[in-house]
Structures are given as C-alpha cells and as structure tokens.
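No value in this document is a laboratory result; all are computed from the given coordinates. All of these numbers come straight from a predicted model, not from anything done at the bench. With ideal geometry, Cβ positions are generated from the backbone for all residues, glycine too; neighbour counts draw on all protein chains shown.
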Amino acid sequence: MADYKKIFEDLIATVLREDASDLHLGEGRQPILRVSSFLIPLTNHPALSRTDLKAMLDELLDPSKKEIFLEKKEVDFAYSHNNMERFRCNAFFQSGKIGIAMRYIPKKIKTFEELNLPPILNTFVNKQQGFFLVVGPTGQGKSTTLAAMIDRINEQRLEHIITIEDPIEYIFESKKSIIDQREVLQDTPDFHSGLQGMFRQDVDVMMIGEMRSPEDISTAVTAAETGHLVFSTLHTNTASQTIDRIIDSFQAGQQEQISLQLSASLIGILSQRLIPRISGGLIPACELLINTTAVANLIRDKRTHEINSIIETSAEAGMIDLNRCLTDLVRAGEITIENAYLYSQNPKGLERTL
C-alpha cells in the first residue's frame, strides 16, 4: 500500500525547493507546479489516481470541510503542513474527477521594499480612516500586498485590527497592534455577519478578504465613513472598472447613494499584475488611483470613464499609470517589451510611452 503521507510530504518539499507559488493535483495526471507564472509538470512523478486524491484529501480536510466538499462539490480551506508551511486551497470536482489547487502562503510577511511595491503605499497605511482596495485578477499578489499593508500598521501603530477571511491566509503576530483573525464558517457564519460584528468589537482597522455582495460593500463603505480604516480586494482589472463594479452591484435606486458614499470614503485603489522578471521571479506592475477632489467629483457625477485620463496626468499627485509603470520596468531592464504589451490594458497608449 502506498505511503500517501510521504508522497504528499515529498510534493510539499518540491514546492518549497522549486520556489513554486502553486501546486495542482488532479486525477489521471502528474502533479503540476506554477513557478514564476509558468506551469511545470512533474514528469518524474506518476499520474495520480482517484485513490491517491482521496487519501490526500483525508490529510487536508477536517470532517466539516469534507462534508461541505461532498455536498457542494467544492470547498475553500487552509492547510498548515507540520504547523510550518501554509497553503490556501480549493478542492473541486471536474468532469466527475477530483482536483486540488494549493497556493503557497509564505510564513514571513514581506515588506513593501521586498515586494517592489510603490513607497507611496505608506501614505495609506498612515490614514486613520477610509476605504482602500487592492484589485487585479486571481494570482496577482493581492493578498500578499494587503498582508504587507496590515503588517506595516501592526509594526507602527497601536490599533485593533480585525480580519475576515475565507480561509485565513497569512498569519499575523501582534506587534504594536492587537490583531484578531476570523475565518468564515469557523469563527463567523459569513462575511456579512463578521462585518456587522466588528462594530461591537472596538475595531480600528478592518481587513476584508473579499467583498462578495452589495451588503458587504455597503457595510465596508459605511465603516470607512464612520472612522475606520478598511482594506479589501476585488477581482477587477483597473481602478475605473472597480468603481463601476461597485456601483453596478447595487440596484438602480441605490446607485446614487453608494456613489456619494464611495466618493467621500474611498482613499485609493491599487491594481497590480505580477510580470515575469528577466532575471527570474516576478515583479509587480501597478496602477494607483488616489481619491483627489477631481476623482471624487467624477465618482459622484458617474463620469468614471474619465478616471483613466486623471491617472495618466496626475503623477505629481502620486498616482501611477500602468503604462508608465510598464515603461519604467522595461527601461530598467526588469521586463521584456513583449510582456509589457501583454500586460497592458491599453497597448496603443503604451506604444506612445515606450
């Protein structure tokens, strides 16, 4: 009989040795790593069977999560290997077969400098209140950036920080701040209940892993209006698209109110992409919107299509245009021109800046 625990431990060891961000396990195929955004099959490893996957799920899932998996055919969960290496995971069925995706969460929370993030992010972690969003597609480092921002507050300020996550990703150690991390289903029924509870928990800084409903967004914006510093994420591509997504998630009769609230409470939106570095690894390319008076007027007047122009012409205010960021990375020899075009939201505009 196969020693599934040893097989699994060998796979975890391979993730760490190869500095992989993800491990993909699926019936009928070899394990696959994602290294610097590229998928790499482990060709020296035999294809995994259904028995293999079931045995690995026995290692990964507690009884309550296994019940959810069998009932809903997918489940999000965190896995801590030997109380050291941590993974954010999703188990799912595809074509009746079992699949598992595991994202490695480093134990050490990196600083802005180590992550090559723009120094101006320090401005936002020093705010006393407001609403700040980190956006981008899946796998572009949103959680890592948020963790760096929360940990910077933790190092510098005496605050009560509460996070609501599904599942908990980075584990924070309280430094100057008190940090309480709550996991959906384990510590609170859902994001909305956790958010409502924060108002009775003497919270200063909120970190919401993901806003999943208009009710979540409304509560987060209200919290920012009433003296709290709120951080969250959305799966959107640009700052202007993020504002549209937030407003459009509400019914027509509520959109004017949320536009007014957002124009007053928003402090900034960071959109980021992780781009393969010429020297190896990944480096972020960012767009940063700062909510100036001009931006607030555009949000309130539903003229979000003009926001991109504001970002392009407001470098002196600290805003970062994605094409300008990509151009700077090309000129610094960090990324290729081909990748700059690949990740640009406006290739014609990029052509003018290169």
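Taking the C-alpha atoms only, the angle from helix 239-248 to the longest principal axis of the chain is near 90 degrees. Across the alpha-carbon set of the stretch 65-112, the Rg to Rh ratio works out to 1.10, Rh being the Kirkwood radius. Electrostatic tally near ARG352: other residues with Cβ closer than 11 Å to its Cβ, Lys and Arg +1, Asp and Glu -1, net 0.
Given only helices, namely DSSP H runs of n ≥ 4 each adding -39500 (n - 2.57), what is the per-residue ellipticity at 222 nm of the chain, to the nearest 500 deg cm²/dmol? Walk me through the intermediate numbers first.
Numbers: 14 runs with 137 residues, N = 354.
For the chain, the value works out to -11500 deg cm²/dmol.
Eigenvalues of the alpha-carbon gyration tensor of the stretch 85-166, scaled by 5 and square-rooted, set the equivalent ellipsoid semi-axes at 30, 13, 13 angstrom, largest first. Could you work out how far the C-alpha centroid of the stretch 1-70 sits from that of the stretch 196-212, in angstrom? Their Cα centres are 34 Å away from one another.
Sort 122-135, 245-258 by the packing proxy (mean of other Cβ within 10 Å over each peptide's residues), most packed first.
Working: 122-135: 18.9, 245-258: 14.5.
Going by the mean number of other Cβ atoms within 10 Å, highest first, we get 122-135, 245-258.
ALA20 sits among other residues whose Cβ lies under 13 Å from its own Cβ, and their net charge, with Lys and Arg +1 and Asp and Glu -1, is -1. Amide H of GLY268 versus every other amide H placed in the peptide plane: which residues, excluding those fewer than 5 positions away on the same chain, fall under 5 Å? Sorted by chain and number, the residues that satisfy this are PHE131, LEU133, ASN291.
The label-point distance for LEU185 and ILE40, in a model that sets each label 7 Å from Cα toward Cβ, rounds to 3.2 nm.
Given in Å, the Rg to one decimal and the Dmax to the nearest whole number for the Cα atoms of the stretch 239-285 are 16.2, 52. Treating the angle as unsigned and between 0 and 90°, give the value, to the nearest 10°, between the Cα long axis of helix 252-265 and the longest Cα principal axis of the chain. Computed tilt is about 80 degrees.
Remind me, what semi-axes does the stretch 1-59 give for its equivalent ellipsoid, largest first in whole Å, using sqrt of 5 times each Cα gyration tensor eigenvalue? Each step should come with its number before you reach the end.
Values: eigenvalues 75, 30, 18 Å².
The answer is 19, 12, 9 Å, longest axis first.
Can you tell me the orientation of helix 214-225 relative to the chain, as the angle in degrees between its alpha-carbon axis and the longest Cα principal axis, to the nearest 10? Here the helix axis deviates by roughly 50 degrees.
With semi-axes defined as the square roots of five times the eigenvalues of the C-alpha gyration tensor, the equivalent ellipsoid of the chain measures 35, 26, 19 Å, largest first.
Arrange the peptides 214-225, 263-274 so that the one whose residues have, on average, the most other Cβ atoms within 10 Å appears first.
Numbers: 214-225: 20.1, 263-274: 22.9.
For the peptides 214-225, 263-274, the packing ranking is 263-274, 214-225.
May I ask you to list the GluC sites (Glu not before Pro) in the stretch 288-326 that are in a DSSP loop and have at most 15 other Cβ atoms within 10 Å of their Cβ? Please report the intermediate quantities before stating the final value.
Details: sites: GLU306, GLU312, GLU316; in loops: none.
Sites meeting the loop and neighbour criteria: none at all.
The share of C-alpha pairs in the stretch 4-105 whose separation exceeds 17 Å stands at 48 percent. Summarising the label geometry, the points placed 7 Å from Cα in the beta-carbon direction at ASP248 and GLU316 lie 3.4 nm from one another. Quarter the surface of the alpha carbon convex hull of the stretch 252-354 and you get the mean projected area, 7.4 square nanometres.
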